[in-house]
Amino acid sequence: EHEDTSLLLQPLFEGQNYGAAAEDGTQCPSVSVSRNNPAKRDCLVVAVLCFGNLVNFIDWFIVPGILLDIQKYFGLSDGKTGLLQTVFTLCYMLAAPIFGYLGDRYNRKIILGAGIFFWSGVTLGSSFITELHYRIFVLSRGLVGIGSASYSTIAPTIIADLFEEGKRTTVLSIFYIFIPVGSGCGYMLAAGVAKSTGDWHWAFRVTPCMGGLALLLLILLVPHKIQRKTAAHRALSISGMIGRADEKPDVHRTAKTTWCQDVGSLIKNCSFVCSSLGLTAMAFVTGALGMWMPLFLYRAQVVQGLVPPCLQDSCNSSNSLIFGGITIGAGIVGIIAGAEAARRLRKINNKADPLICASSMFISALCLYIALMVAQTNILSTFIFIAFGELFLSVNWAVVTDILLYVVTPRRQSTAIALQILVSHLLGDAGSPYLIGVISNAIQARNIPSLQWSFRSMQYSFVTCAFVGVFGGGFFLLTSFYVEEDRKEAQR
């Protein structure tokens with residue numbers, strides 16, 4: 001898999017005269033690739049980071065893939081079930097600013113390695129928790145979120161340091177493709193392992209092995225120090241349209257300002273604030289869909305009489321497999337389409353990025369609403385509209401990151417990414433799984449317990465996501481009013 005990725009990327013990096021290197025200019029002994037071939041070396045670094053991102057999101061979405069089994073095993077209501085993902089995301093969110101601060105000032109390879117080791121070990125340990133210790137299981141998911149935060153905060157900044165603007169479009173798009181691919185694989189892996197073994201606990205024993213491999217590859221193939229070595233430093237944009245700013249060769253990326261000064265500057269950046277709120281709406285919707293959609297589809301099929309209620313030890317996991325496949329396919333197509341649309345439209349409109357994000361959010365919200373309304377009568381149409389809804393959500397991932405990278409000055413980018421993670425998760429997917437579960441519980445409590453109301457409670461609570469998606473599109477429209485001015489400010 002890594003060889004294929006390297007072959008795909010290699011033509012893009014020819015002629016590149018900078019990349020990952022030790023501070024003193026010496027070759028790190030852990031890197032077997034010759035220092036005379038920086039393009040090959042950077043290909044391997046990207047391949048390792050992409051594989052780590054894959055493992056990160058597989059771990060993230062194991063729980064939703066076997067949610068029905070976990071809910072039955074611990075005897076949970078919808079509200080308590082949603083708490084699992086909420087605790088994970090809260091810990092992830094709170095840890096992100098800390099790792100952003102550390103990533104701007106200390107060795108990023110060591111931080112990444114520690115994070116992978118930590119989350120893999122906790123995931124393995126959580127597979128041995130019994131039904132009497134639900135709180136410990138919830139705590140373990142929170143600890144996994146802390147480890148994941150180190151990776152999501154720091155890995156994109158390493159890629160941003162390695163490549164020039166034009167090439168960064170392709171590289172960041174490839175990196176972010178592994179978000180939906182990893183998410184989909186998490187559903188499919190969890191459901192497949194649970195089905196084949198008859199015990200959902202085994203799903204938590206596979207990804208630690210993958211995490212161990214990712215850690216080994218990080219140690220062997222990623223240089224200990226990574227910095228830019230060009231005579232002129234460029235703003236970190238995937239648009240390829242940003243001018244140069246003077247910078248002395250071999251200047252370190254280390255921040256010269258305090259964290260409070262960085263945060264104060266970012267709060268005044270209207271494009272960063274508005275695009276972060278748009279991303280928050282995206283996170284709210286994707287968090288709720290990711291946690292509850294397989295269970296919602298199962299309840300819709302039960303109401304239609306397509307599948308029987310789950311009474312046995314191992315429940316039907318076909319919806320997780322199908323939804324995982326949809327997530328992978330829609331994610332890949334959406335991210336590629338978004339990057340390509342942005343590349344083309346930037347040539348004729350400098351506000352193309354936020355306008356693309358706004359349009360895709362509006363369309364996604366409409367598709368989601370239609371999917372919810374037809375779920376009780378036509379399950380095939382539901383799958384189709386969910387696929388389109390996820391596709392248009394995925395359009396935005398690389399584009400939103402690009403907006404941040406060219407409206408924020410390079411020395412504040414790790415902090416900006418960390419703050420964006422904090423805000424988007426605090427107001428987005430940290431609360432949406434729990435909120436959907438609580439609303440579902442409240443609706444069920446007001447009606448006679450039945451399979452019909454079990455489905456309708458989830459259906460009505462999901463409508464919240466469609467309206468949040470519309471608000472997200474509005475925030476991206478606001479971003480378009482400020483993006484040109486903030487882009488120029490970042491170049492100064």
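The values are calculated or read from the model by the stated rules, or taken from the named source; none is laboratory data. These numbers were taken from a predicted model, which means no experiment stands behind them. Reconstructed Cβ throughout: ideal geometry from the backbone, glycine too, with neighbour counts over all protein chains shown. Side chains are part of the model used for accessible areas, which takes the heavy atoms of the whole protein and leaves out ligands, DNA and RNA. Shrake-Rupley method; radii C 1.70, N 1.55, O 1.52, S 1.80 Å.
Things to note:
- Test: residue in the stretch 74-83 that is in contact (Cβ under 8 Å) with a residue 12 or more places away in the chain, open to solvent by 20 Å² or more (accessible area, probe 1.4 Å) and either at positive phi or not assigned by the TED database to the domain that holds Ala190 (or both): yes
- Residues in the stretch 431-490 that are hydroxyl-bearing (Ser, Thr, Tyr), open to solvent by less than 10 Å² (accessible area, probe 1.4 Å) and under 27 Å from Gly305 (Cβ atoms): Ser440, Ser457, Ser461.
Residues are listed down the side, and each one gets a yes or a no for (1) among the aliphatic types (A, V, I, L, M); (2) over 21 Å from the mean Cα position of the chain (by Cα); (3) in a helix (DSSP H, G or I):
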{"residue": "Gly437", "(1), (2), (3)": "no, yes, yes"}
{"residue": "Asn447", "(1), (2), (3)": "no, yes, no"}
{"residue": "Ser454", "(1), (2), (3)": "no, yes, yes"}
{"residue": "Thr464", "(1), (2), (3)": "no, yes, yes"}
{"residue": "Gly473", "(1), (2), (3)": "no, no, yes"}
{"residue": "Leu478", "(1), (2), (3)": "yes, yes, yes"}
{"residue": "Tyr482", "(1), (2), (3)": "no, yes, yes"}
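- Qualifying residue in the stretch 451-458 (condition: modelled with pLDDT under 85, farther than 24 Å from Leu162 by Cβ and outside the structural domain of Ser183 (by the TED database)): yes
- Scope the stretch 374-428; condition assigned to a loop (DSSP other than H, G, I, E, B) and either open to solvent by less than 10 Å² (accessible area, probe 1.4 Å) or not aliphatic (A, V, I, L, M) (or both); matching residues: Ala375, Gln376, Thr377, Asn378, Val408, Thr409
- Pairs linking a residue in the stretch 474-491 that is more than 17 Å from Leu279 (Cα to Cα) to a residue that is in a helix (DSSP H, G or I) and open to solvent by less than 20 Å² (accessible area, probe 1.4 Å), with Cβ atoms under 6 Å and 6 or more positions apart or on different chains, are Asp486/Ser271; Asp486/Val407; Arg487/Tyr406; Arg487/Val407; Ala490/Val407.
- Residues of the stretch 98-115 satisfying the condition of being within 17 Å of Gly145 (Cβ to Cβ), surrounded by fewer than 22 Cβ atoms within 10 Å (Cβ to Cβ) and within 20 Å of the chain's Cα centre (by Cα): Ile98, Ile111, Ala114
- Looking only at the stretch 84-94, residues that are open to solvent by less than 10 Å² (accessible area, probe 1.4 Å) and within 9 Å of Ile146 (Cβ to Cβ) come to 1 in all.
- Residue among Val193, Val206, Val181 that is without any contact (Cβ under 8 Å) to a residue 40 or more places away in the chain, surrounded by 21 or more Cβ atoms within 10 Å (Cβ to Cβ) and out of contact with any His (no Cβ under 8 Å at 6 or more places or on another chain): Val193
- Cβ-Cβ distances below 7 Å connect the following pairs, each with a first residue in the stretch 327-349 that is open to solvent by 30 Å² or more (accessible area, probe 1.4 Å), a second residue that is of a type in the set (S, T, N, Q) and outside any loop (DSSP other than H, G, I, E, B), and a separation of six or more residues or different chains: Ile336/Ser173; Arg343/Thr169.
- Inside the stretch 131-152, residues that are closer than 22 Å to Leu216 by Cβ, in contact (Cβ under 8 Å) with a residue 40 or more places away in the chain and open to solvent by less than 10 Å² (accessible area, probe 1.4 Å) make up a count of 5.
- Looking across Phe163, Phe118, Phe128, one residue alone is crowded, with 18+ Cβ neighbours inside 10 Å and in contact with a helix residue (DSSP H, G or I) (Cβ under 8 Å, 6 or more places away or on another chain). It is Phe163.
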